[in-house]
Structure formats: structure tokens, C-alpha cells
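Everything below concerns the one structure shown next.
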Amino acid sequence: MGATVSYDAAGRLTVGGLSCDCGLAHSLPTQDIYVGRNLLGRVPAYIAARGLGTRCVLVADQNTWPLAGDRVEAALLTAGFAVVRCVIRRDGVMDPDERACGEVLLSIQPDTAFLVAVGSGSITDTVRVNATRCGLPFVSVGTAPSMDGYTSVVAPLLLRGVKIHRTGVCPEIIVCDTDVLCTAPLAMVCSGVGDVLGKYIAKADWMIGSIINGEVYCDVCGQIVTDAVEKLLKNIPAIRARSEEGIRILIEALLLAGITIMIVGHTRAVASVEHNIAHYWEMMQLLHGKHPPAHGASVGVATLLCWPLYTRFAGEDLSRLDLNAIRQRRMTHEQRRVWMLRAFEPEAANSIMRDNPEDFLDWPEQERRIRAAQAHMADIRRVIAMLPPYEAIRCAMAELGAPLTPAEVGVDAPLVNLSMQCAKDYRTRYTLFKLIDECGLHDRYMAGYPLA
């Protein structure tokens with residue numbers, strides 16, 4: 001089993017030789033993904049080769065327009081394309097919210113053939129959801145190696161301040177010009193590294209979900225992500241220096257993580273409880289009128305917060321659990337509803353409960369999961385043992401100059417405590433945090449994160 005990753009003469013990244021017997025349906029990416037130098041001027045040729053048409057809406061923001069948007073537009077106009085320019089301008093950082101989505105939607109004309117996103121996460125996801133709703137292809141021109149969403153088919157968005165996820169389409173063409181990416185601020189580079197390092201936790205949770213609930217785990221996707229993360233860890237000095245080689249390694253890791261989404265059709269290999277915590281911070285900051293921290297930076301810090309719980313759980317003796325006591329302490333449905341309203345506030349809480357109705361377990365299902373964990377604790381320990389040492393991850397982030405603590409990304413102690421307490425509740429996706437809760441260990445593990 002395995003897959004090959006290579007580049008052709010045009011700098012197009014390809015994944016081939018996919019061999020896997022996991023049982024999931026696999027789809028090799030058909031998108032054109034280009035990584036290299038001096039690529040902006042070639043965007044029209046890439047589009048023509050793909051046959052996307054000649055009339056487009058080009059979307060950028062006030063930062064990405066002078067960085068790359070103006071050059072992409074000039075190249076398109078010179079090549080004979082008709083371009084409608086949509087530059088989203090904000091006093092601060094642009095968010096992928098209903099206002100931004102509306103600006104793009106109102107720029108689309110009846111004869112628009114495709115969209116072009118010039119930016120990183122927020123721009124790409126704003127264009128992605130519009131492309132999906134309008135049935136149009138789109139092209140992504142990356143401007144920072146800050147997140148893994150270029151190749152994603154899911155768009156994290158904001159609706160009335162609540163973090164939501166909507167199914168979307170992958171760009172037909174992705175262009176990552178390393179000359180542009182190398183100019184990204186170090187903070188955005190750190191964000192990209194943080195997003196990549198969170199994949200260790202995501203992989204562990206996926207494997208635990210397979211042990212407890214029979215989820216199908218794809219070894220090939222797991223290995224693609226692991227290989228990319230390990231290569232990144234070996235090249236932290238080059239990444240910090242923002243050398244062409246270092247930035248190529250980082251963007252490749254981010255792209256390959258996203259490609260696994262296309263291969264299996266979901267984000268299991270790339271996002272789990274560490275993303276739950278990061279999304280929670282972002283959502284709560286927005287709800288209270290504060291600007292949220294960078295997503296990847298939050299993921300990196302959240303990864304460090306989660307890691308010790310995994311190593312701690314490996315030492316648990318689940319044979320000593322008192323199932324009767326666990327059953328007696330279970331939340332009722334009404335108690336959980338009240339907790340969700342407190343933890344997430346009404347707008348988000350009602351949305352989460354509506355989207356994840358199966359998250360309130362009946363006792364037979366909870367007991368089944370506990371007994372599965374008891375019977376397979378050796379397998380869970382083996383999964384946790386695959387994680388690198390915590391200090392190796394922390395030292396790599398410190399060497400890079402990435403934030404290491406919630407305070408460094410603007411998250412205070414009360415918000416940290418609440419996020420750790422409710423990280424298990426953000427979505428149905430199985431995590432070690434859910435298993436800890438189901439085994440009646442939640443209060444003990446979260447004793448260091450008291451609620452106000």
C-alpha cells in the first residue's frame with residue numbers, strides 16, 4: 001500500500017500509484033497544482049489549458065491585491081481574458097463571513113465562467129462557497145503558506161459570528177508561487193507550521209475512532225500526512241529563514257494534507273480536537289467583538305495543550321472503571337442542553353446540537369464504547385506511542401518563533417479553560433477527549449482547567 005508524490009516538468013504536483021485496501025472509496029486528485037518560482041505570469045496559460053473560459057471574477061483583499069492580485073489581473077487582461085475585479089477591503093483583517101461572501105456573489109455576472117481567488121484561507125474559502133453555490137470552477141492563487149485549505153473541499157466560514165463549515169469544491173487550478181509565498185510574514189509561516197503539526201493529533205484520533213467505533217482508517221492518507229509532517233520537522237531552520245526550499249517544504253506539507261481530503265472525501269486526516277479548540281477560540285472572540293487569532297497559530301497552541309492528555313491517558317488502567325458510578329453521573333439530555341448553551345452561547349449551541357444530534361449517547365452505546373476501550377487499551381497505547389515526544393514538537397515551534405501559549409495568541413485563561421472543557425462537544429467526530437468523557441474521567445483530566 002502507498003502512493004507516490006512527484007512533480008512534472010511544468011512544476012505540477014502529482015499524486016499517483018495509489019494502492020490501498022482500507023475499503024474507503026478513493027479518488028486521485030484531478031486538479032492542476034503548481035508549485036515553483038515565477039508562476040504568476042503563467043496563470044492565463046494554466047487556465048487556457050484547463051478550458052475554464054475567458055470571463056472571470058478575480059477576488060483579493062487589500063493585502064493580497066498589491067502582493068499578487070494586480071499582477072494576476074494584468075496577466076489575464078494581456079492574454080485577452082475579461083476580468084471583473086472584486087477587492088474586499090476592511091479596516092483590519094478580512095473574515096470569511098456573510099458580508100464577504102455577499103460581495104463576491106454580487107460581483108458574479110450571468111456570463112461569469114470561473115472565479116479566481118488570490119489569497120490564503122479567508123479569500124479561498126469565501127470564493128469556494130460562492131463557486132459551489134453558483135456551479136462555477138475556480139482558481140486559487142496562494143499568497144501565504146499559512147493553512148491547508150487550498151486543496152480542501154470544506155469551507156470554514158462565519159455566519160452571525162458563529163463558525164460554520166460548508167461543503168465546497170476544490171479549485172480546478174492551484175498556483176503556489178514560492179517567490180510570493182517567501183514574502184509572507186513569519187507569523188503566517190508559523191501559522192502554517194502550527195496547522196501541520198496538529199495533524200499528529202488528528203491522526204491519533206482517527207485511529208482511536210477506528211478502534212472504538214470501527215471507523216475506516218486509511219493507512220495511505222495517514223502516511224501521506226505523516227511523511228509530510230516529519231519532513232517539515234527536519235527543516236525548521238530553512239522554514240524560519242523563509243528560504244525557497246523551506247517554504248516549498250511547508251506549502252507541500254499543507255497541500256498534501258489537503259489532498260488527503262480529496263482522496264477520501266473528508267477531513268479526518270487533518271483536523272480533530274485541536275481544531276475544535278482553535279475554532280472555539282475564534283468563534284468566541286468574534287462573538288465578543290474581538291479579532292480572533294490566526295487559525296494555524298491557534299491550532300499549534302491547541303496541539304500543545306492537548307498533547308499531555310494523550311500521554312497521560314496511555315497510563316490509564318481502564319479495568320478499574322466503575323461503570324455503575326459512571327452511569328449514575330451521566331448528564332441528562334436537559335443537563336447537556338444547558339451545558340451547551342453555557343459553553344457555546346445560544347446561537348452556536350443550537351447550531352451545533354442541530355448538526356450533531358447523535359452526540360448525546362444513550363447508556364447502552366456509552367457502555368459499549370467503554371468496554372471497547374477496555375478490551376483494546378493496548379491498541380490505544382500503541383497509537384499514542386506513535387506520537388513524537390511532546391518536547392520535540394514544542395522545541396520545533398520555539399525554534400521557529402511560533403507562539404507556544406494561549407496568551408501569545410490573545411486567548412485568556414477563562415477562555416482556555418472553557419475551550420478545554422467543551423472541546424469534546426464541538427462536533428460528532430470521535431476524539432480521545434470524547435473517550436475520556438465517556439469513561440467518566442473528564443472531571444479528573446480537566447481539573448487544571450476550572451470553570452469560572
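Does L233 fit the bill of being touching a Lys or Arg at 6+ places or on another chain (Cβ under 8 Å) and open to solvent by 10 Å² or more (accessible area, probe 1.4 Å)?
No.
Pick out the one residue from I239, I259 that is open to solvent by less than 10 Å² (accessible area, probe 1.4 Å) and touching a strand residue (DSSP E or B) at 6+ places or on another chain (Cβ under 9 Å).
Only one candidate qualifies: I259.
Residues of the range 171-193 being in contact with a Phe, Trp or Tyr (Cβ under 9 Å, 6 or more places away or on another chain) and either buried (at least 23 other Cβ atoms within 10 Å of the Cβ) or outside any loop (DSSP other than H, G, I, E, B) (or both), which ones?
P171, I173, I174, V175, C176, D177
Could you list, in sequence order, the residues of the range 102-128 that are hydrophobic (A, V, I, L, M, F, W, C) and in contact with a strand residue (DSSP E or B) (Cβ under 7 Å, 6 or more places away or on another chain)?
If the condition is that a residue be hydrophobic (A, V, I, L, M, F, W, C) and in contact with a strand residue (DSSP E or B) (Cβ under 7 Å, 6 or more places away or on another chain), then V104, I108, A113, F114, L115, V116, A117, V118, I123, V127 are the ones that fit.
(1) surrounded by fewer than 19 Cβ atoms within 10 Å (Cβ to Cβ); (2) assigned to a helix (DSSP H, G or I); (3) under 23 Å from the mean Cα position of the chain (by Cα): which one isn't true of R381, the others all being true?
Of the numbered conditions (1) surrounded by fewer than 19 Cβ atoms within 10 Å (Cβ to Cβ); (2) assigned to a helix (DSSP H, G or I); (3) under 23 Å from the mean Cα position of the chain (by Cα), the odd one out for R381 is (3).
Could we say that A238 is in a helix (DSSP H, G or I) and over 30 Å from Q421 (Cα atoms) here?
yes
Restricting attention to the range 434-448, and to residues there that are of a type outside the set (D, E) and surrounded by 19 or more Cβ atoms within 10 Å (Cβ to Cβ), which single residue is nearest to the chain's Cα centre (by Cα)?
Across the range 434-448, the extreme among qualifying residues is K434.
Which one is nearest to L400 (Cα to Cα) among residues in the range 197-212 that are open to solvent by 10 Å² or more (accessible area, probe 1.4 Å) and either out of contact with any helix residue (DSSP H, G or I) (no Cβ under 7 Å at 6 or more places or on another chain) or aliphatic (A, V, I, L, M) (or both)?
Ranking the qualifying residues of the range 197-212, first place goes to M207.
Have a look at G149, G142, G121, G135 and point out the one that is small (G, A, S) and touching a His at 6+ places or on another chain (Cβ under 8 Å).
When all the criteria are applied, what remains is G121.
Considering every residue within the range 117-130, establish whether at least one is closer than 17 Å to V35 by Cβ and hydroxyl-bearing (S, T, Y).
Yes, that holds for at least one residue.
Evaluate the following for S146: is it part of a loop (DSSP other than H, G, I, E, B) and buried (at least 22 other Cβ atoms within 10 Å of the Cβ)?
Yes, satisfied.
Restricting attention to the range 189-217, report how many residues are under 20 Å from A385 (Cα atoms), touching a Ser or Thr at 6+ places or on another chain (Cβ under 9 Å) and of a type outside the set (V, I, T).
Residues that pass the stated criteria total 11.
Taking the range 213-256 on its own, how many of its residues are over 23 Å from G401 (Cβ atoms), acidic (D, E) and at pLDDT 95 or above?
Of the residues in the range 213-256, 1 are over 23 Å from G401 (Cβ atoms), acidic (D, E) and at pLDDT 95 or above.
The values are calculated or read from the model by the stated rules, or taken from the named source; none is laboratory data. It should be emphasised that the depicted structure is a prediction, and the values quoted were computed from it without experimental measurement. With ideal geometry, Cβ positions are generated from the backbone for all residues, glycine too; neighbour counts draw on all protein chains shown. In case anyone asks, the SASA skips ligands and DNA or RNA and just uses the protein heavy atoms, side chains included. Shrake-Rupley method; radii C 1.70, N 1.55, O 1.52, S 1.80 Å.
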